[in-house]
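Student: Mind looking over this structure? Questions follow.
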Amino acid sequence: MHKRYLAVVAATGVAAATLLTSSLPASAAPAQQLTFRGMTLYVPIQWVVHRFGADAVQVVTGKCGKAQGWSTPECDSFYLLGPKYIKIGAEGFGAYTGKRPFYTASDVQPCPFNDKWGEVIGPKVSRGLRQVGPGHKAAYNAWQSKCVSYSSTKVYKRFTQREWYLPKSKILVVDQWNTPGLADTLKHADWR
């Protein structure tokens, strides 16, 4: 079975047994290739890829008004970020290292689910190494996060911010929407 089938199976939730019993040619695979800094992902054709310069890709996986790049509110998506964003990932004052969550400003940022709420990220709930294609391991961090009122401490929504960091390749993947199949899509990436 080709990698693109595996990645799309994982990303779309299609039963693996169904695809294993079929013998579709690679050209019929329901996936599109997404290449970023030497890494190629095979993502479902329903996902919409938006490039914002050489250092930011926003992959819209569901409902979205208008993709605007990093931190687009109310846009079901994940991000592939390069050196420019990694450099400011420690609250805008320093580089992202994984010791703290990816957060590009020192003030309260809008919640990804509703821009009328503020976003609070942390503490870390999971960490480790995750395979991202052959020969590449990412430092993986998951952060407990919540959306709160700007005027009180009322919590409106809880979510997990997941991050895959490849320091040698200068790639950071950030997912705030718990995108189904993203971990497997990354696991089956190709590299050039």
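Student: Residue under question is residue 78, and the condition is that it be farther than 27 Å from residue 188 by Cβ and not basic (Lys, Arg); does it hold?
Tutor: Answer is no for this residue.
Student: Continuing with the same structure: Find all pairs meeting these conditions: Cβ atoms under 6 angstrom apart; at least six residues apart or on different chains; first residue within region 30-41 and closer than 15 Å to residue 79 by Cα and part of a strand (DSSP E or B); second residue of a type in the set (S, T, N, Q) and open to solvent by 20 Å² or more (accessible area, probe 1.4 Å).
Tutor: The qualifying pairs are 40/33.
Student: Now for a separate question. Quick one: count up the residues across region 73-92 that are in a loop (DSSP other than H, G, I, E, B) and open to solvent by 10 Å² or more (accessible area, probe 1.4 Å).
Tutor: 5
Student: Suppose we filter 27, 23 for residues that are open to solvent by 60 Å² or more (accessible area, probe 1.4 Å), assigned to a loop (DSSP other than H, G, I, E, B), modelled with pLDDT under 95 and over 17 Å from residue 188 (Cβ atoms); which single one remains?
Tutor: 23
Student: Return the residue satisfying two criteria in turn: it lies in region 173-189 and is over 8 Å from the mean Cα position of the chain (by Cα) and outside any loop (DSSP other than H, G, I, E, B), and of such residues it is surrounded by the most Cβ atoms within 10 Å (Cβ to Cβ).
Tutor: Residue satisfying both the conditions and the ranking: 185.
Student: Please go through region 99-126 and pick out each residue that is out of contact with any Gly (no Cβ under 8 Å at 6 or more places or on another chain), closer than 23 Å to residue 88 by Cα and either of a type in the set (Lys, Arg) or part of a strand (DSSP E or B) (or both).
Tutor: 99, 118, 119, 120, 121, 122, 123, 124, 125, 126
Student: Within the set of pairs 6 or more residues apart or between chains, which connect a residue that is of a type in the set (Ser, Thr, Tyr) inside region 124-139 to a residue that is surrounded by 14 or more Cβ atoms within 10 Å (Cβ to Cβ) with Cβ atoms less than 9 Å apart?
Tutor: 126/140; 126/141; 126/142; 126/143; 126/160; 126/162
Student: Then there's this: Can you tell me which of (1) farther than 24 Å from residue 166 by Cβ; (2) modelled with pLDDT of 95 or more is the one residue 87 doesn't meet?
Tutor: (1)
Student: Also: Pick out the one residue from 95, 56 that is surrounded by 17 or more Cβ atoms within 10 Å (Cβ to Cβ), farther than 22 Å from residue 187 by Cβ and at pLDDT 95 or above.
Tutor: Being surrounded by 17 or more Cβ atoms within 10 Å (Cβ to Cβ), farther than 22 Å from residue 187 by Cβ and at pLDDT 95 or above holds for just one of 95, 56, which is 56.
Student: Please indicate, with yes or no, whether at least one residue in region 139-149 is out of contact with any Gly (no Cβ under 8 Å at 6 or more places or on another chain) and either open to solvent by 70 Å² or more (accessible area, probe 1.4 Å) or closer than 20 Å to residue 69 by Cα (or both).
Tutor: No, that holds for no residue.
Student: From the list 162, 158, 192, exactly one residue is open to solvent by 20 Å² or more (accessible area, probe 1.4 Å) and touching a residue at least 40 places away in the same chain (Cβ under 8 Å). Which is it?
Tutor: After ruling out the rest, the residue left standing is 192.
The values are calculated or read from the model by the stated rules, or taken from the named source; none is laboratory data. Since we're looking at a predicted model, the values are computed, not measured. We place every Cβ from the backbone using ideal geometry, glycine too, and count neighbours over all the protein chains shown. SASA here: full protein model, heavy atoms, side chains in, ligands and nucleic acids out. Shrake-Rupley method; radii C 1.70, N 1.55, O 1.52, S 1.80 Å.
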